[in-house]
């Protein structure tokens, strides 16, 4: 298999598995929200956010460097084994130290991050789980570095379905609530650790050692990546902590359900961008007027298609929440339109950040936008959550995304004002128009049918959606005929396969 074909196949497999897992997880939401109270759901999401933050702190982002260092060591198997052995032994030691400190200072841990949540069993389970989650992530990074896309996809799907089985057993049958969901994760990750040992030994990829020279070299690469890796996750975690402190852990549960619905937008955008980015780089390399015109046209069309997703999720999230969750979660839908606006703003980010990634010296500065955005998110969350609750968290998230986009656009344009010819005003107009239609469609949902499903309201929203479809066809019919009807967009995204 050629290197190019392998890259394409792995990209498809990663995207497919991600969408499948998220899709099935989304379909299981009715089950979880029926058997889990908002308090339970809030506890689980708060602890999982804590685990994501802990992962990068404990490992010093060493996992982010595995792909880079694998290229250096792959031709010398002995050195590769020493490198991987050093990384794994170091993260095990670091995890054990973190767990011990967590037990010793459990009162501070509860006071700072888990107010009104019992250390045992919730935080206790989280501390034990962190070691196995880290080993799981390191193993995933190793497989990705070795371009074992099929293996990685199959393992991810197996882990997901086994976790679902344990979740159903503990939550539905045994009715353990939040403890059941946390226990399911711990058991699956603990079992996966045995597979890691088997897999590394089978492929002769591990030597028990702690080579300080290798470790220092790896840390010098990974430590500067910590701010970028932590930025968005830290802001998300802080928002949930503040929601728990300012209101109740149930509010965290409602906000988490709202975010799960809204993130479907970002799942689509990021997946499409994985296919769009290689083509974009090729067009940039050609660096002629025609190639840049193609970039503008396709970007405009993709943004227009994204706007349809904003509309569908924004308009019908109310009915989805009311159908798929229990009545305890009914108000979660009211936050979704704010989050939809935030992810619609992020659409602009995906197009402009590709410019930064194309120019290597600009790629090193991407962290400035994410770090600044996270800082703004946290700062605003402190201010807004205290009197606006989950709506304040969503508004802080939205304003942070605006800041990130402004910085990325400024950095891209400061490189060369004729870099491509992206028209920011046109992008904003596309997004704003869709949001205006969405606002019109939600008028009766907020004013008359806040907590109930109305056929009249659904019919009204459908008419608004049809009106928007007609609008985008009339205003983009040339692009639609050129790319969609002719199948050109499909050919572009498959171009690198040929």
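Any read-out appearing in this document is the output of simple, stated calculations on the displayed coordinates, not a laboratory observation. Please read all numbers here as calculations on a predicted model, not as lab measurements. Please note: Cβ atoms are built from the backbone with ideal geometry, for glycine as well, and neighbour counts cover all protein chains shown.
A few notes on this one:
- Burial ordering of 39, 76, fewest other beta-carbon atoms within 10 Å first: 76, 39
- When the square roots of the Cα gyration tensor eigenvalues are ordered a ≥ b ≥ c, the ratio a/c for region 47-105 is 1.5 or more and a/b does not exceed b/c, which makes its shape oblate.
- Eigenvalues of the alpha-carbon gyration tensor of the chain, scaled by 5 and square-rooted, set the equivalent ellipsoid semi-axes at 36, 32, 21 angstrom, largest first.
- Taken along its principal axes, the alpha carbon cloud of region 274-421 reaches lengths of 56, 32, 19 Å, longest axis first.
- Between region 321-387 and region 281-304, the Cα center-to-center distance that results, in Å: 26 Å
- Length-normalised contact order of region 3-225 in % [C-alpha pairs under 8 Å, at least 6 apart]: 38 percent
- Stokes-Einstein D (µm²/s) once Rh is taken as the Kirkwood radius of region 192-336 over alpha-carbon pairs, at 20 °C in 1.002 mPa s: 106 µm²/s
- Region 428-464 residues near the modelled residue 470 label - backbone nitrogen below 11 Å, point 7 Å along Cα→Cβ: 463-464
- Available extension along the chain between residue 388 and residue 118 is 94.6 nm, counting 0.36 nm per residue and deducting the alpha carbon span.
- In terms of surrounding Cβ atoms within a 10 Å radius of their Cβ, 456, 304, 86 rank from fewest to most as 456, 304, 86.
- Residues 77, 139, 228, sorted so that the one with the fewest Cβ neighbours within 10 Å comes first: 77, 228, 139
- For region 266-351, Kirkwood radius (reciprocal of mean inverse C-alpha pair distance, Å): 14.7 Å
- Label positions at residue 107 and residue 157, each projected 7 Å from the Cα along the C-beta direction, are separated by 5.1 nm.
- Relative contact order of region 247-497, pairs being alpha-carbon contacts under 8 Å that are 6 or more residues apart, as %: 27 percent
- Cα-based shape type of region 247-497, given that a ≥ b ≥ c are square roots of the gyration tensor eigenvalues and the cut on a/c is 1.5: oblate
- Prolate/oblate/rounded label for region 387-469 (Cα gyration tensor, a/c 1.5): oblate
- As a rough guide to protection, the peptides 46-59, 330-343, 155-168 ranked by mean Cβ packing within 10 Å, highest first, stand as 330-343, 46-59, 155-168.
- Radius of gyration and maximum dimension Dmax of region 3-225, Cα, Å: 18.6, 53
- In region 76-171, inverting the average of 1/r over every pair of distinct C-alpha atoms gives 15.9 Å as the Kirkwood radius.
- Computed over the chain, relative contact order equals 21 percent, with contacts defined as Cα pairs under 8 Å that lie 6+ residues apart.
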